[in-house]
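No value in this document is a laboratory result; all are computed from the given coordinates. Not measured: the values here are computed from a predicted model. Every residue, glycine among them, receives a Cβ derived from its backbone with ideal geometry; neighbour counts consider all protein chains shown.
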């Protein structure tokens with residue numbers, strides 16, 4: 001068991017290492033990208049990577065406070081479902097109206113990797129191998145699909 005401080009330091013060390021590993025990778029548009037805090041450019045749409053002591057997940061999160069608009073965004077993504085899954089080369093889970101860790105209603109499209117722990121350095125290669133190709137694929141997908149969400 002780790003203290004809060006040790007757990008925080010390990011998480012920070014992992015995300016720093018991941019950021020350095022992804023640093024040389026350019027976006028689908030040929031630009032430098034902050035892969036950890038990926039900017040979609042569309043308010044309320046986020047690409048989120050998370051890892052804890054049991055699992056890792058990567059998700060497209062739609063957090064619009066207006067539930068009907070959130071649903072509209074989700075339906076828009078659904079029209080791009082074949083393109084998304086084709087770019088990712090796998091199918092992800094789709095959840096309309098769930099709650100995040102703060103109790104806020106969100107919708108998400110995600111996949112998980114279990115069992116892995118961000119606190120076990122021997123799991124870091126698995127985590128990087130999980131996150132890297134999926135973030136690159138999400139970026140490629142978004143490079144083509146984002147214009148439909150900007151209006």
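Structure values in brief
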| read-out | value |
| --- | --- |
| Inter-centroid distance (Cα atoms) of the range 91-106 relative to the range 108-151, Å | 16 Å |
| Mean-position separation - Cα centroids, the range 51-88 and the range 29-44, in angstrom | 16 Å |
| Three-way shape call for the range 87-151 based on the alpha-carbon gyration tensor, with the a/c threshold at 1.5 | oblate |
| Calculated FRET efficiency for the pair residue 148/residue 31, C-beta based, R₀ 22 Å, to 0.05 | 0.65 |
| Taking 124, 15, 35 and counting other C-beta atoms within 10 Å, the order from fewest to most | 15, 124, 35 |
| Residue-averaged [θ]222 nm for the chain, counting only DSSP H segments that reach four residues, each worth -39500 (n - 2.57) | -14000 deg cm²/dmol |
| Burial ordering of 147, 38, fewest other beta-carbon atoms within 10 Å first | 147, 38 |
| Relative exposure of 116, 42, 25, judged by other C-beta atoms within 10 Å (fewest first) | 25, 42, 116 |
